[in-house]
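Throughout, read-outs are computed from the coordinates displayed, never taken from laboratory work. This one's a predicted model, so the numbers in the text were calculated from it and none came from an experiment. Neighbour counts run over all protein chains shown; Cβ positions are idealised from the backbone, glycine included.
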2 protein chains.
Amino acid sequence: MGEVLYIGVDLGGTNIKAGAVSDRGEILKEQQISTEADQGSAHVLDRIVQLTQDITEGSEIGGIGIGIPGQIDVNGGICHFAPNLPGWKEVSVTPAIREKLDCTVVVDNDANVAALGEFAYGAGRGSQHMLMVTLGTGVGGGLVLNGRIFRGFRDLAGEFGHMTVDYNGYTCSCGRKGCIEEYASIRGIVRMVQEQLDAGVESSLKDIEKLTPREIYHDAVNGDKLAIEAFQQAGDYLGIALADVSNLLNIERVVVGGGIANAGNFILDAARARVQKDALPVAAQSVEIVKAKLGNSAGLVGAAYLARSIE
Amino acid sequence: MGEVLYIGVDLGGTNIKAGAVSDRGEILKEQQISTEADQGSAHVLDRIVQLTQDITEGSEIGGIGIGIPGQIDVNGGICHFAPNLPGWKEVSVTPAIREKLDCTVVVDNDANVAALGEFAYGAGRGSQHMLMVTLGTGVGGGLVLNGRIFRGFRDLAGEFGHMTVDYNGYTCSCGRKGCIEEYASIRGIVRMVQEQLDAGVESSLKDIEKLTPREIYHDAVNGDKLAIEAFQQAGDYLGIALADVSNLLNIERVVVGGGIANAGNFILDAARARVQKDALPVAAQSVEIVKAKLGNSAGLVGAAYLARSIE
């Protein structure tokens, strides 16, 4: 590793993962340590510095990109707020790290760097206008427009999960009604299954004590009608929101990642069918909906790519 | 007019309007002729050339921008299709005009150039991320992101009117259900009033033979409850879709134009209230919803600005 290294950091509430990433997106070296978030932001920043030094072992650092699960001021290098990092309010990230490592440091929202990772090295390659959607506990989003992360006025852009599909629908954690997050997340799918079970619908899922996407997927693969329909319904709702994005932005690629995306084509096929039905013809023809390729590494390689591209 | 002139052309199904526009957005000279669309695209293009020559009177032409109510390939200078211009299928606009006038020629969708006009010289000034919404027979849209028209993969971006607010709602002309166009257009507002009248709701509008937005506005100003509610409801639906756009793009300005926008703050106040209620806090704080300033001139000055800015 004699060359100049670019480091991607994926800061989470539990662990910090960092890696040196080549210009082709290969992770040359990767390490993970616990975040120790309860010891405060200064301690966490020190740990990021330490981890970076452990990885680079004295090699020259070209730049560090850091993905943070919170609300970021990218130009200022500040984390306004991060719900899973106790005490992170208006934390000045960039100066603190630059002072100790003397290199380019850039921070961004974790969903944005994951989108950038898939765009540069994963399922978004070759596109110029891409939405990444992450289906997990909630529904996350990151937008790449004209080949760059699109952040909007105050770096909040990409909140796909809080587009509404039914203004009279279920109330979302954000307070709004009918957000796609309430339909295409783990929470949404489990709720759909539970409602049907409660209504007496027959299903191999009926004796399971605590429903999880894993069990629903297992039963879907084994042909359980209710399990299949729950994923398809989530995909259909997802398609409604994706048709909105397609009509508004005429994107060419939607990359779907996150835990539930592994439930495979039950969701994606339904989403694709809905987009073809609902979006304007040219918008529908323009857009491909594909599974993410980089899994949990998307954020790390995307953060390194961000550092590399702003130099 | 000794200087180099930039010409904006607003091509409509009935009339062609063209003008020389200063770099401050002032219309120095403007003329309008009938389109004579029934005589075919070559004839219409000749008329644009003739009109431009009449306006410029031998002065040097720096560039011509043309807004066309259709689906455009901006790089190719082609109009794929324009519903109100008979026979306009795959019409090569740019080369035909450049051949005769020997200057920069650029074509774009009429909604895009209107958005650009408001952005450069009207109610969008000072913003970097702006949506223009036109409330008329339908609901049109044009997006300016990072200070430029955002066109997406195949120049279709900006179709705000076909974002859905109710996936089980009224069927739109595009075939989709619940598009905002079905709620915030003339058609939508008249339908809302008619439904209430049919249901026996008392209103000063009940004896009017053919409802138009003008009459509904007149009665709203005079305090008719149904008329006021129709506009407010349209504004509320508009706000739902604008909250979606705000969450997705974190825009800083929404400029509302078109015939119904003149119905004033009945619509806009309701839209503003809904966005404040529905959008994520930062997104809601970021966005201002304002009335368009340039009226029917937005397209013409925007087209000239487009020609000026791509030189």
Taking the Cα centre of chain B as origin and charging only Cβ (+1 Lys, Arg; -1 Asp, Glu), how large is the dipole, in debye to the nearest 20? 480 debye
Tilt of helix A:186-198 relative to the longest C-alpha principal axis of chain A, in degrees (0 to 90, nearest 10)? 20 degrees
What's the ranking of A:246-252, A:265-271, B:195-201 by average number of surrounding C-beta atoms within 10 Å, highest first? A:246-252, A:265-271, B:195-201
Computed over the stretch B:134-200, Cα set: Rg, Dmax in Å: 14.3, 49
Radius, Kirkwood style, for the stretch B:145-242 when every pair of distinct Cα atoms is counted (Å): 14.8 Å
7 Å along Cα→Cβ, label-point gaps from B:E26 to other copies, nm, shortest first: 6.3
Of B:K17/B:K293; A:K177/A:K291; B:K17/B:K89; A:K177/A:K277, which ones are farther than 26 Å apart at the Cα? A:K177/A:K291
Express the relative contact order of the stretch B:1-120 as a whole percentage, based on alpha carbon pairs under 8 Å and six or more residues apart in sequence. 25 percent
Taking placed amide H atoms and a strict 5 Å upper bound, the residues 5 or more places from A:M163 or on another chain that come that close are A:I180, A:E181
Could you name the lysines whose alpha carbon sits less than 20 Å from that of A:K225, not counting residues in the same chain fewer than 8 places away? A:K206, A:K210
Measuring from a point 7 Å out along Cα→Cβ, what nm distances, shortest first, does A:D269 have to its partners in the other copies? 5.2
With the Cα gyration tensor of the protein assembly as shown giving a ≥ b ≥ c as the square roots of its eigenvalues, does the rule (a/c under 1.5 for rounded; else a/b larger than b/c for prolate; else oblate) give rounded, prolate or oblate? oblate
Rel. contact order, % - alpha carbon contacts under 8 angstrom, at least six apart, chain A: 21 percent
Which value, in debye to the nearest 20, gives the size of the charge dipole of the protein assembly as shown about its Cα centre, when Lys and Arg are +1 and Asp and Glu are -1 at the Cβ? 60 debye
Linear extension gain, B:K225 paired with B:Q276, 0.36 nm per residue minus alpha-carbon span: 16.0 nm
When the dipole is taken about the Cα centre of the stretch A:34-116, and only Lys, Arg (+1) and Asp, Glu (-1) are charged at their Cβ, what size is it in debye, to the nearest 20? 160 debye
Tell me the distances, shortest first, between A:E209 and the same position across the other copies, using label points 7 Å along Cα→Cβ, in nm to one decimal. 7.5
With the Cα gyration tensor of the stretch B:78-126 giving a ≥ b ≥ c as the square roots of its eigenvalues, does the rule (a/c under 1.5 for rounded; else a/b larger than b/c for prolate; else oblate) give rounded, prolate or oblate? oblate
If each Cα of the stretch B:198-311 is one equal point scatterer, what is log10 of I(q)/I(0) from the Debye formula at q = 0.09, 0.14, 0.18, 0.23 Å⁻¹? -0.33, -0.70, -0.94, -1.15
Amide H of B:G169: which non-local residues (sequence gap of 5 or more, or other chain) have their own amide H closer than 5 Å, using H built in the peptide plane? B:G178
Indicate the gyration tensor shape class of the stretch B:169-223 (rounded, prolate or oblate), computed on the Cα atoms with a ≥ b ≥ c the square roots of the eigenvalues: a/c under 1.5 is rounded; otherwise a/b larger than b/c is prolate and the rest oblate. prolate
Can you give the convex hull volume per residue for the Cα atoms of the stretch A:35-183, as a whole number of Å³? 134 Å³
Could you compute Rg(Cα) / (2.2 N^0.38 Å) for chain A, with N its residue count? 1.03
Determine the relative contact order of the stretch A:122-172: mean sequence separation of Cα pairs under 8 Å and six or more apart, normalised by residue count, in whole percent. 27 percent
